[in-house]
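No lab work stands behind these numbers, since they all come straight from the coordinates. The model shown is predicted, which means the values in this text are computed figures rather than measured ones. We place every Cβ from the backbone using ideal geometry, glycine too, and count neighbours over all the protein chains shown.
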Amino acid sequence: MMRITIVCDNNAHDRRLQTQWGFACVVQLQDTTILFDTGGDGSILLSNMQRLGIEPRQIDMVVLSHIHTDHVGGLPAFLAENHGVIVVVPASFPRAFKEEVGSAGAQVKEISRPEQLTAHIFTTGELGRTVKEQSLVVDTQAGLAIITGCAHPGVIRVIEEAKRLLDGKVALVLGGFHLAGKSQRELAEIVERFGELGVSHVAPCHCSGDAARAAFRQAYRERCLTAGVGSVVHTRDLEMAAPGRP
Ligand SMILES: [Zn+2]
Ligand SMILES: [Zn+2]
C-alpha cells in the first residue's frame, strides 16, 4: 500500500491549506515515510502537514529533487522539528548546503547514480545538465509510481530512466512536469509519448502549466488525478483498469 499526500503546491485543492509556488509531498509505505521536497517556505510546509495530520516525527527520510528554493526552502524549519532523518540530495548540491544539513543533526546521503533507497523506493540518480535533479520511483502493487520535483531534465527522460532502472508498467507520474510555455502541438506530442511509454495515470501539478494540465485531463480523463495541495493518491486509485493508450 502506498499513499502520496501533496503538502505544498501552487495549485489549490484542500481549501484549509496554504498554496505557494513550490512542491512537497509525503510518501507513506508500510515501513517508511518519506518527505519528497519541502516547498519554499517552512512555516507553510509545517502548517499544511499539521492540518493534514502528518507529524514531522513520522518522517524517516527527506529526498530533495534539486537545489531550487521552491523545493528546498522548507528544509531548515522541518529539521528544527525532526533532525532524526536521512536527507538524500543530489551529489552536485553545494558543500555549504550539505554542511548545514549535517550541522542540524541530520545524516546526508549523496546521490549520483540510480540507487535503491528502501525496500520499495528508488532514485533515478542525478539527471540533466544545467539543473541536476533526481526523481523518486516507488515500486507499488499497481506498478511504478514516479514522483518528479520540476522534471528539469525532461519529464519523458525521467520516465525513460525509471523504466530502464526497473521493470514494470508505469502506474503513475506525479509532480511538476515543467511544461509551461510549450505549444499545443508540443503538448500533444508529449501526451502521446506518455501513452507510448504505457503511463496509466498522471497527476501533473506545480510547474506543469495550465495548458499541460488541461491537455492531460482531456487525454487521460479520470486517469488524470486531481493534483494540488492536500490531494491524496492511494495505490487503489491506480488500480482502475487502463484501457490501453489514452
Ligand atoms: Zn519548482
Ligand atoms: Zn526547479
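Side notes on the structure shown:
- Qualifying residue in region 55-70 (condition: more than 21 Å from Thr148 (Cα to Cα) and touching a residue at least 60 places away in the same chain (Cβ under 8 Å)): no
- So Asn82, is it touching a Phe, Trp or Tyr at 6+ places or on another chain (Cβ under 8 Å), of a type in the set (S, T, N, Q) and surrounded by 16 or more Cβ atoms within 10 Å (Cβ to Cβ): no
- Residue list for region 12-71, restricted to those being surrounded by fewer than 19 Cβ atoms within 10 Å (Cβ to Cβ), of a type in the set (A, V, I, L, M) and within 14 Å of ligand 2 (Cβ to nearest atom): Ile67
- Residues satisfying the stated conditions in region 93-103, i.e. in a loop (DSSP other than H, G, I, E, B) and surrounded by fewer than 16 Cβ atoms within 10 Å (Cβ to Cβ): Pro94
- Residue check, Gly175 within 16 Å of ligand 1 (Cβ to nearest atom), at positive phi, touching a residue at least 24 places away in the same chain (Cβ under 8 Å) and buried (at least 24 other Cβ atoms within 10 Å of the Cβ): yes
- Considering region 39-76, and only residues there that are of a type in the set (Ser, Thr, Tyr) and touching a helix residue (DSSP H, G or I) at 6+ places or on another chain (Cβ under 8 Å), the residue that is nearest to ligand 1 (Cβ to nearest atom) turns out to be Ser65.
- Every test in (1) within 24 Å of His120 (Cα to Cα); (2) small (Gly, Ala, Ser); (3) more than 18 Å from the chain's Cα centre (by Cα) is passed by Ser65 save one, and that test is (3).
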